[in-house]
Amino acid sequence: MIMKPLSCIFFFEHLLVALGLELEPCGRPRIQPVLDEEDRIYRGREAVPGSWPWHAGIYTNALFPFFICSGVLVSEKHVLTARHCLLKKSPATIRVHLGAHMRDKEDAGEESYLVEEICAHPLYQPPNTNDIAVLTLREKVKFTETILTVCLPQNMAEIVVNSETYVTGWGRFQNQGREMSPYLKQFRTKIVSNKTCNQVYKGQIPESVTCSGHDFGSSCKGDSGGPMVQLSGSIWLLQGIVSGGPSSCGLDDDPLLFTKVSYFVDNFISIYTRAKTLQEKNRVCALS
């Protein structure tokens, strides 16, 4: 089932009401991104600052913070990311930066938030099975021109094969190099069927993963945890979280791998974010 824009807005607003959170239209950037047929991250193009206002950076909580992974803001207290980004991490060791364009320099309007709790999927299996986690922030986010939420898709909604999506990140510039992008970049990609994806990866792709090609660009090391979003009418839906892909960024035909967000809306994300007690949280989380 493909989600219609109005249904998405209703679903996300219903979720926020259930959480007792302030309503703010999701998936509607105030600064519009430039959507270009040549968009890439690997060999890519710089995003318009503030045009992907849900993109989050996860850093070490230190005097000189070190970038760990990306994430995505889905409510005023919750950020989604990849589970593998948080191995051996605790809430006290990380913090979330929002409204950032430059990876290692503070931008005007950038805010950082301490993390109260990490809800990692308890059935995560490397490399890509159930590769998802929810961060709960200590404070509610203050929405601004460059800090806004993305819309969640409807539970178990399928993504149309060959439809276009966009991925953002600060990943590596070059396949063999270590240098990461200093500024946020974007690339366009197209959804590949799981049947095709499994042919490439020899049947190792679970149904909780969605795949895309990289004819127009590729994510690379350093992009993990970041959002793959899709324009539906006038709003942006979060369809995937960067999880993995081929060992050589952009240099072969192996699809990119994303955690399929719709697979986890009802059975993980909503249960955790609505939970009132530790017992309720422990039903769906490996808590830290």
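The values are calculated or read from the model by the stated rules, or taken from the named source; none is laboratory data. From a predicted model like this one, the values you see are computed outputs, not experimental measurements. Methodologically, a virtual Cβ is constructed for each residue, glycine included, from the backbone with ideal geometry; neighbour enumeration extends over all protein chains shown.
When I9, I2 are checked against the criterion of being modelled with pLDDT under 65, among the β-branched types (V, I, T) and assigned to a loop (DSSP other than H, G, I, E, B), I2 stands alone in meeting it.
Which of the residues that make up segment 62-115 are surrounded by 20 or more Cβ atoms within 10 Å (Cβ to Cβ), over 30 Å from Q154 (Cβ atoms) and in contact with a Ser or Thr (Cβ under 6 Å, 6 or more places away or on another chain)? The answer is R95, and nothing else.
Looking at E117, E111 in this structure, which one is over 23 Å from N282 (Cα atoms) and acidic (D, E)? Before you say what the answer is, go through the steps one by one.
Numbers: E117 fails: over 23 Å from N282 (Cα atoms).
E111 is the lone residue from the list that is over 23 Å from N282 (Cα atoms) and acidic (D, E).
Scanning segment 80-89 for any residue that is hydrophobic (A, V, I, L, M, F, W, C), farther than 21 Å from K142 by Cα, modelled with pLDDT of 95 or more and assigned to a loop (DSSP other than H, G, I, E, B) turns up at least one such residue. Inspection of segment 248-257 identifies at least one residue that is of a type outside the set (D, E), modelled with pLDDT under 95 and either surrounded by fewer than 16 Cβ atoms within 10 Å (Cβ to Cβ) or under 18 Å from H101 (Cβ atoms) (or both).
Of the strands (runs of 3 or more DSSP E) that lie entirely inside segment 95-180, those containing 1 or more residues that are out of contact with any Cys (no Cβ under 9 Å at 6 or more places or on another chain) and of a type in the set (S, T, N, Q) span 111-120, 164-169. Among the residues of segment 46-79, write down those that are in contact with a Phe, Trp or Tyr (Cβ under 7 Å, 6 or more places away or on another chain), of a type in the set (A, V, I, L, M, F, W, C) and part of a strand (DSSP E or B). Answer for segment 46-79, where residues must be in contact with a Phe, Trp or Tyr (Cβ under 7 Å, 6 or more places away or on another chain), of a type in the set (A, V, I, L, M, F, W, C) and part of a strand (DSSP E or B): F67, I68, V72, L73. Of the candidates K89, K105, the single residue that is more than 15 Å from the chain's Cα centre (by Cα) and more than 29 Å from N267 (Cβ to Cβ) is K105.
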